[in-house]
1. Counting only Cα, what are the radius of gyration and maximum Cα-Cα distance Dmax of the chain, in Å?
2. Can you tally the net charge around Q211? Count Lys and Arg as +1, Asp and Glu as -1, for every other residue whose Cβ sits under 15 Å from the Cβ of Q211.
3. Tell me, how many Å apart are the Cα centres for segment 95-173 and for segment 228-252?
4. Give me the net charge for the shell around D161: Cβ to Cβ below 15 angstrom, other residues only, Lys and Arg +1, Asp and Glu -1.
5. Would you work out which of A278, C160, C116 lies farthest towards the positive end of the dipole of segment 8-336? Charges go on Cβ: Lys and Arg +1, Asp and Glu -1.
6. Just for the chain, what percent of DSSP beta bridges are antiparallel, to the closest 5?
7. Give me the number: length gained by fully extending Y167 to D27, i.e. 0.36 nm times residue separation minus the C-alpha to C-alpha distance, one decimal in nm.
8. Can you show me the helix-derived [θ] at 222 nm for the chain, built from DSSP H runs with n ≥ 4 at -39,500 (n - 2.57) apiece and divided by the number of residues, rounded to the nearest 500.
Amino acid sequence: MIDGLFVFDNVIHLYDLSAGNTRTDRDDALPARDRILAYIRAQVRDPAAAPGGDRDFRWDRRWSVEEMHRLVFENSATDMAMAQTVPMFDWFQDWYSPVRTQHAMAEAYPDRVLFCGGVDPSYRGLADALEQIDHQAQVMGAKSFKFYNGHALVKDCWRCDDEKLAYPMYERAIANGVKVLQFHKGNPYGLQNMEWLSPVDLQAPARDFPQATFIVHHLALPYFEELVSIATRFPNVYLSLAGFMAFYRVAPRRVQEHVGRLLQTCGPDKILWGSEAALAGNPQPYLEAFMQLQIPEDLRAGYGYPQLTRDDRRKILGENFARIMGVDLAARKQELGL
């Protein structure tokens, strides 16, 4: 907990950026992996965010459950988290954030971690994706599914509103009792065509599957205004900050403007805390930055943005995601001795 507020992190990733996980049949795999490593090093500018305070930390690794537990739960104020698969097969043999590693994290720490599975119809076809949804939900206990529809090759891209390709996956997840569907939008890792990562293709499924909850990551940047419109209009669309607070150390004004806009238009009930550890490093400095975040007077006077209150922080840091996932916070606090 931080300042008495429960922290339920929407997204952590036990990723695998080891050289051994890069695909040997793709000439662009290793360069793409190296671009991601450069992105991490550029983002983690605060030494406090680097594991052990080491700016020279080797990020080209496969994270273990013990390392992630130490980073997230021992070295930060995080109380619970969801370990999320990233079904990015473009450059990685076992995917960018492997299914089995995320599941292992939830298995090792069931009182603190929920497992988010992931599938992609372009990996081995739709039939395999549907079988994987069944397996991950029924055998591995997936509480959510993550989708990444914008790939390096256009032939592998698909739209989230494709009734023949995407809808069967949503239907199968819901049939398995999994109603929380999450999407990487914006924030491309490579040379993908940007339009595939626009959130506009989530409008139809959000309308056609009102019983499901759609969580959009990274504020869909650079499609921020489109996402704000969608989240404001659709009651079942939520926004994960997903590493966004890492920008506060280098571009505080940008973060203040975006958070102010979200509070004004979408409301605090629609926003979820997400650290993106280990990709963004240790969550603690970002949690501290969020607790210190204020919407400046000129933005409030000029745009009508509300101030970020303690009640807002409580909702964003944990209550909203706990409500979505059906976690009884009072009971969980007691179980964790908080």
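Throughout, read-outs are computed from the coordinates displayed, never taken from laboratory work. Please read all numbers here as calculations on a predicted model, not as lab measurements. Glycine also receives a Cβ, built like all others from the backbone with ideal geometry; neighbour counts cover every protein chain displayed.
1. Looking at the chain, its Cα Rg and Dmax stand at 18.7, 56 Å.
2. Every neighbour counted, the sum reads +1.
3. Each part's Cα centre sits 22 Å from the other's.
4. Details: positive: R159, K164, K185, R207; negative: D162, E163, E171, E195, D201, D208, E226.
Residues close to D161 contribute a combined charge of -3.
5. It is A278, whose Cα lies furthest towards the positive end.
6. Just about 15 percent of them are antiparallel.
7. Numbers: separation 140, 0.36 × 140 = 50.40 nm, distance 3.26 nm.
Contour length minus Cα-Cα distance gives 47.1 nm.
8. Numbers: 14 runs with 121 residues, N = 338.
My calculation for the chain gives -10000 deg cm²/dmol from helical runs alone.
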